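Here is the structure we will look at.
The values are calculated or read from the model by the stated rules, or taken from the named source; none is laboratory data. Keep in mind that this is a model prediction, so the values were computed, not measured. All Cβ positions, glycine included, derive from the backbone under ideal geometry; neighbour counts span all protein chains shown. With ligands, DNA and RNA removed, areas are computed over all heavy atoms of the protein, side chains included. Shrake-Rupley method; radii C 1.70, N 1.55, O 1.52, S 1.80 Å.
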Amino acid sequence: MTRTARLFQLMQVLRSGPQPRTSAALAQDLGVSARTVHRDIGALRGLGAVIDGEAGYGFTLIEDATLPPLGFTDDQIEALVLGLREVELIGDPDLRRAANEALRKLQGRLPQRQSHRLSHSVLTATRFERPLPPGVDVSVLRRAAWEERRVVFDYTDAKGADTRRQVDPLSIVYMDRSSMLIAWCHLRTDFRVFRLDRMRGLEETGDSFRPKRVPMLREALARLKAEQKAAEARAAGD
């Protein structure tokens, strides 16, 4: 590994890993000696990176000179912390891990004062009841939606009836008690909403519905909003 590549990799580790990191831990991650880590830390400081700490205490990346400062207000930082904490509570395992990593990366790119504010935010999120766990790998479902690929799965409806569904996945909605998939259902030839905890045996068919996802989702959301307004009007009439 060249010195430039090693310095870049060291910055990546400092940005994303738990902090502070000891030289021994950094050396193990990078496959080099602790002496090399100390020398590289000095080189990064010389290039403008603000790295707090010393041998025996660990190192923390305070400001990264290779990245432009982010223009967030204090309220925006609080909003980001609250949103990412919420994802850690309701997201699938991949999203929860991504939210945690995003917070660490964000902290590494913020100026020192705001990085401190992020670490000690007065806002947090908690839930006494979390959404029911999904019956399928949601990361596969998200990828299929992004890449506009058709999927099939077994589904149990509210009455306990089992069917095999082939759908064009459009969007995933995280709600209070359950998470939902908005999709075009080929069995019903219409838009449908499926609870993720009632889905099993998810498979990708290999068939593409590109480039229809965005207009289909727009139509599905418009229809759902119209149905909600109609229900509210009927309730008001009663």
**OP:** Would you mind working out the accessible area per residue for the chain, using a 1.4 Å probe, and quoting it in Å²?
**Re:** 59
Original post:
For region 111-238, what is the convex hull (Cα atoms) projected area averaged across all directions, in square nanometres?
Top reply: 12.3
Subject >> Nearest-ten-degree value, helix 213-237 long axis tilted from longest Cα axis of the chain >> reply: 60
Original post:
In the Gaussian network model of the chain, springs joining C-alpha atoms below 10 Å, which of Pro169, Pro131, Pro20 carries the largest mean-square fluctuation?
Top reply: Pro20
Subject >> Within the chain: Cβ-based charge dipole about Cα centre, in debye rounded to nearest 20 (Lys, Arg +1; Asp, Glu -1) >> reply: 340
Original post:
Can you tell me the Rg and the Dmax, both Å, for the Cα atoms in region 65-184?
Top reply: 18.2, 58
Original post:
Once the Cα atoms of the chain are picked out, what are the Rg and Dmax in Å?
Top reply: 23.7, 77
**OP:** Could you state the angle between the C-alpha long axis of helix 34-46 and the longest principal axis of the C-alpha atoms of the chain, as a value from 0 to 90 degrees rounded to the nearest 10?
**Re:** 90
Original post:
Can you give the angle from 0 to 90° between the axis of helix 93-109 and the longest principal axis of the chain, with both taken from C-alpha atoms, to the nearest 10?
Top reply: 40
Original post:
Say we join alpha carbon atoms closer than 10 Å with springs in a Gaussian network model of the chain; which of Leu196, Leu187, Leu118 then has the biggest fluctuation?
Top reply: Leu187
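Once every DSSP H run of n ≥ 4 in the chain is given -39500 (n - 2.57) and the sum is divided by its residues, what mean residue ellipticity at 222 nm do you get, rounded to the nearest 500 deg cm²/dmol? Could you put the intermediate results ahead of the total?
Values: 8 runs with 111 residues, N = 238.
Mean residue ellipticity at 222 nm (helix-derived): -15000 deg cm²/dmol.
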